[in-house]
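Okay, so here's the structure we're looking at.
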Amino acid sequence: MNPLNRRAFLKQSALATLSALPALRLGAAGAAEKATLGVIGFRGRGGALLRGFLDIPEVEVAYLCDVDGGVLARGVEQVEKARGRRPQAVEDFRRILDDKAVDAIVLGTPDHWHAIPAILACQAGKHVYVEKPASHNIREGQLMLQAARKHKRAVQVGCQSRSGRHFAEAMEYLRTGALGKVTFARAWESTKQGPIGYPKDCDPPPGVNYDLWLGPAPLRPFNPARFHGSWRWFFDYGTGDLGNDGVHRIDFARRALAAAFEGQGMRLPDWPQAVSASGGKYVFDDAQEWPDTLLVAWDYPGATLVYEMRVWNNYPMEGEPEGAAVYGTNGYVVIGNRRWRAFGPGGEPLEKGTSSANDEHDAAHKRNFLECIKTGQLPDFDIAEGHISSSMCHMGNTAWRVGRKLRFDPASHAYAGDPEANRFLTRDYRKPWALPEV
């Protein structure tokens, strides 16, 4: 089967798994379809998700959920101002899942709080929009995919480039085979972050249910550096900048490499066969656990994908502060957040695409999710693809933590002959929380 036919076959097979999705309910007047949402965790990136969905008239935000009472109160005021009615405010997300009128949940929670609500939502008949990375570890992603397929739910992962115009243009160009033989792809991240210091443990802020915020993570004293915003820099809750910003660039580098392989009449395997990583904390003297400088390489048969991260500077590569590129014998393509460009073997400009803005991709990604709830189609960044790109981040982090090259077996979803690395495929879940059985 040639690559294009195989791709069409896979798409049709995937659509068949979701063919029984129900249509959205009609609004009260019967004039327009409405998607009834519950938004869980909406400070920071979650707040941007809430604002984006409120901009869509076909959306009804019926519930807001947050463990911080102050954040919750401000969110209720925001929804009421935008829509003229107050959503229900809850602290425990499970109350949303009990309401059969809710069509979908939107997860803007920390990484360690993605999988459990997403799986339970699928089991409760809800669709899911979950921010990137899809999971906190590889096992969680496996179960999220299984739950989505078993219960025929649409699960959209928040890598908005999958709904961006210029990204799609770049992939089509790569599929023409214009670059010749392609064996190397690169992704990079140099958006500047900053140190978080060494704050002391203290009592949680008033109105914060800290025990629920920790959830399945180990019980530790409250520390402001491990809470709002900066939680992502700690092993217990986040995946470092590899999973924070890197997952975007890694995803469109992987996507571009696959498109270039199609242009050669070949197919890039879904999963890399090996991963290695090096780096460390070389700049920030603070409480962060993840590295501030990192180089990760994933090996495929006939190709390598490399990711470079420097979160202490904003020096661009190939003219882009963050982006991806694929290199072939006849030239290379550079893909940034707003544009793509093709160059010949001597660096001479060949082609460039239309530019598109991040807010355009963001809005399109949300609308795609809502459309998939209605039609039963797979989302632009369905959990199957989201699981792979998120897992590549987990693989890179694991290789860095154990300090050696790892061989990955897609069939077993494990590292061959490496018990130490396999410990990071999952985690210990603090009772009473546990990964649901699917």
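The values are calculated or read from the model by the stated rules, or taken from the named source; none is laboratory data. Since the model is a prediction, treat every value here as computed from it, not as a measurement. Every residue, glycine among them, receives a Cβ derived from its backbone with ideal geometry; neighbour counts consider all protein chains shown.
Here is how the numbers come out for the structure above:
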read-out: Odd one out for LEU378, checked against (1) in contact with a helix residue (DSSP H, G or I) (Cβ under 8 Å, 6 or more places away or on another chain); (2) surrounded by fewer than 21 Cβ atoms within 10 Å (Cβ to Cβ); (3) on the phi < 0 side of the Ramachandran plot; (4) outside the structural domain of ALA178 (by TED's automatic domain parsing); value: (2)
read-out: Residues that are in a loop (DSSP other than H, G, I, E, B), at pLDDT 95 or above and closer than 26 Å to MET395 by Cα, drawn from the stretch 221-253; value: PHE227, PHE234, PHE235, ASP236, TYR237, GLY238, THR239
read-out: Test for ALA187: is it surrounded by 15 or more Cβ atoms within 10 Å (Cβ to Cβ), in contact (Cβ under 8 Å) with a residue 12 or more places away in the chain and not assigned by TED's automatic domain parsing to the domain that holds ARG43; value: yes
read-out: Counted residues, the stretch 321-379 - those being more than 17 Å from LYS181 (Cα to Cα) and among the aromatic types (Phe, Trp, Tyr); value: 2
read-out: Qualifying residue in the stretch 382-389 (condition: part of a loop (DSSP other than H, G, I, E, B) and assigned by TED's automatic domain parsing to the domain that holds PHE53); value: no
read-out: Contacts under 7 angstrom Cβ, first residue in the stretch 46-57 being among the aromatic types (Phe, Trp, Tyr), partner in a helix (DSSP H, G or I), 6 or more apart; value: PHE53/LYS366
read-out: Qualifying residue in the stretch 95-102 (condition: within 21 Å of the chain's Cα centre (by Cα), among the β-branched types (Val, Ile, Thr) and either crowded, with 17+ Cβ neighbours inside 10 Å or outside the structural domain of GLY302 (by TED's automatic domain parsing) (or both)); value: no
read-out: First in the stretch 101-113 and polar (S, T, N, Q), second anywhere and not in a loop (DSSP other than H, G, I, E, B), Cβ under 8 Å, 6 or more apart; value: THR109/ILE40; THR109/GLY46; THR109/PRO117; THR109/GLU131
read-out: Options ALA217, ALA154: the member that is outside the structural domain of LEU294 (by TED's automatic domain parsing), closer than 30 Å to LEU268 by Cα and not charged (D, E, K, R); value: ALA154
